[in-house]
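Note sheet for the following structure.
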Amino acid sequence: MPVVDLALASVRDLNAALHALGPDTNETHWQVVNPRGLHAIAVGIDVPVTVEIDGHAGYYCAGMNKHACVIINGNAGVGVAENIMSGVVRVKGDASQAAGATGCGGLLVIEGNASARCGISMKGVDIIVKGNVGHMSAFMAQAGTLTVLGDVGDALGDSIYEARLYVRGSVKSLGADCIEKPLEDTHKDQLYSKLEAAGIAGEVDVAEFRRYGSARRLYNFHIDNVAAY
């Protein structure tokens, strides 16, 4: 298993080594030590490898991830997993603002709390937060799911499009055009599958969640175009 010590090597060196990997690499599990809150660790990975970061990461860790599994054994700064395309990013601690921003696919799991604007402009990513999230989360969320086991701050889902929001705790307030919607069996099945993918399906009852989504009053929506969202 390759071990990269960021007290000795640069983040640029680490990312260059990860970008050089081919799809048939046998170096499938990487360990990063002494991250020391450095920014842009393990960004732009395009192969199915596991990168485990032992400590706290700075801004934009695991951004633009594709195929890889990135595990952060600590907290993450602004924009963790920003623009994720596929794969899994798991934060064992807390995340700062804009976690999973603009994510197009894949799974982001935050085992602690997430700050403001979690899932802003998400476009297909599935985000699961075991703790609480801050204000303006899922702002302009277009597609995908945001699942929060804890509480949510002000203006949840402001100007939301077609993303689905599942909240187990309290919601301080809803943003413009975001409303509570019925939690039907199809939604419970979807929610369970997301929790199962995160490895926490057995920890909660899906019936305890409420669903939120768009009232469809702020944009031109037609059901024939739903596959495009």
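Only one of the listed residues (Leu191, Leu195, Leu218) is under 23 Å from Ser137 (Cα atoms), surrounded by 12 or more Cβ atoms within 10 Å (Cβ to Cβ) and modelled with pLDDT under 95. That residue is Leu218. Examine region 153-173 for a residue that is charged (D, E, K, R) and in contact with a Cys (Cβ under 8 Å, 6 or more places away or on another chain), and state whether such a residue exists. The answer is yes, given that some residue of region 153-173 is charged (D, E, K, R) and in contact with a Cys (Cβ under 8 Å, 6 or more places away or on another chain).
Of the strands (runs of 3 or more DSSP E) entirely within region 21-130, those holding at least 3 residues that are in contact with a strand residue (DSSP E or B) (Cβ under 6 Å, 6 or more places away or on another chain) and farther than 23 Å from Leu8 by Cα occupy 88-91, 107-110, 123-129.
Scanning region 68-78 for residues that are closer than 13 Å to Ile110 by Cβ and out of contact with any Asp or Glu (no Cβ under 6 Å at 6 or more places or on another chain) returns Val70, Ile72, Gly74, Ala76, Gly77. Quick check on region 1-42: of everything there that is of a type in the set (D, E, K, R) and farther than 18 Å from Ile71 by Cβ, which residue is surrounded by the most Cβ atoms within 10 Å (Cβ to Cβ)? By that ranking, first place goes to Asp13. Which one is modelled with the lowest pLDDT among residues in region 1-20 that are hydrophobic (A, V, I, L, M, F, W, C) and not in a helix (DSSP H, G or I)? Looking at the filtered set, the residue picked out is Met1.
Every test in (1) among the polar types (S, T, N, Q); (2) out of contact with any Asp or Glu (no Cβ under 6 Å at 6 or more places or on another chain); (3) in contact (Cβ under 8 Å) with a residue 12 or more places away in the chain is passed by Thr145 save one, and that test is (2). Out of Ala7, Ala40, Ala116, one residue alone is under 24 Å from Gly153 (Cα atoms) and in contact (Cβ under 8 Å) with a residue 12 or more places away in the chain. It is Ala116. Residue under question is Ile45, and the condition is that it be in contact with a helix residue (DSSP H, G or I) (Cβ under 6 Å, 6 or more places away or on another chain) and either surrounded by 15 or more Cβ atoms within 10 Å (Cβ to Cβ) or closer than 18 Å to Gly93 by Cβ (or both); does it hold? Here the answer is yes, as Ile45 does meet what is asked.
The values are calculated or read from the model by the stated rules, or taken from the named source; none is laboratory data. Since this is a predicted model, take the numbers as computed values, not measurements. Cβ atoms come from the backbone with ideal geometry, glycine included; neighbour counts cover every protein chain shown.
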